[in-house]
Amino acid sequence: MTDKPPDYELADRMALTEPAQVKAIGHPLRTTILQLLHERAATVTELATALERPKSTVAHHVDVLARNGLLQVVRTRKVRAIEERFYGRTARLFYVTAEPSPAGAAASGDFNDFEVAARESAAAFEEGRLWGFIRHARITEDQVSEFWGRMAELVEEFDRLPRSGETTYGFAIGIYPTAHPTLPPAE
């Protein structure tokens with residue numbers, strides 16, 4: 001295991017521009033596969049063992065991710081007469097772009113990081129182990145962009161932490177416009 005996971009080369013960021021790419025990461029099993037591969041490259045057999053799912057099911061989901069450019073074979077090894085493939089992510093961070101794909105198709109509306117985070121964090125909430133903040137500020141678009149850039153750096157720092165603990169923690173951040181009222185200008 002390396003100090004900075006994973007144990008293979010990959011891009012820092014990748015924009016998801018095709019609806020099929022967004023749909024591919026919208027499935028809970030596929031997001032778990034991506035999370036596991038953030039630590040190190042793995043074979044379908046290793047993934048199936050970790051996920052406690054049949055190899056055929058995991059192979060299908062790995063294939064969907066690979067077809068959509070989210071996974072790639074990063075190395076192989078010969079085991080008896082079979083060549084074993086080790087899969088890795090193509091980027092540390094995948095993000096959905098606001099622009100439509102070149103074909104003009106709209107991105108899937110069923111991908112929501114906070115929906116995933118809410119589902120994953122339910123047990124932690126019940127156990128009193130969910131930490132979070134919510135704040136509101138009336139700021140400019142430029143300030144939002146600058147702040148989001150700093151948050152992206154924090155996400156990258158989190159992604160590069162050595163995998164040394166026994167518990168996998170989720171980390172969710174977001175900035176969104178609200179319909180909160182504002183005070184009128186002071187007299």
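Checked against the criterion of being at pLDDT 90 or above and more than 24 Å from residue 160 (Cα to Cα), the candidates 62, 58, 73, 44 yield just one match: 58. Of the residues making up region 64-86, those that are outside any strand (DSSP E or B) and surrounded by 13 or more Cβ atoms within 10 Å (Cβ to Cβ) are 64, 65, 66, 68, 69, 70. Within region 6-46, being farther than 21 Å from residue 154 by Cα, among the hydrophobic types (A, V, I, L, M, F, W, C) and touching a Phe, Trp or Tyr at 6+ places or on another chain (Cβ under 8 Å) holds for 22, 25, 41, 42, 44.
Across region 131-148, the qualifying residues are those that are touching a residue at least 12 places away in the same chain (Cβ under 8 Å) and closer than 23 Å to residue 181 by Cβ, and the one among them that is surrounded by the fewest Cβ atoms within 10 Å (Cβ to Cβ) is 136.
Residues of region 49-58 that are at negative phi and more than 19 Å from the chain's Cα centre (by Cα): 49, 53, 54, 55, 56, 57. Filter region 139-187 for residues that are among the acidic types (Asp, Glu) and part of a loop (DSSP other than H, G, I, E, B); which is nearest to residue 123 (Cα to Cα)? This residue is 166. Here is the figure for region 20-30: residues that are of a type outside the set (Gly, Ala, Ser) and surrounded by fewer than 18 Cβ atoms within 10 Å (Cβ to Cβ) total 4.
The values are calculated or read from the model by the stated rules, or taken from the named source; none is laboratory data. Given the structure is predicted, the values throughout are model-derived calculations rather than measurements. All Cβ positions, glycine included, derive from the backbone under ideal geometry; neighbour counts span all protein chains shown.
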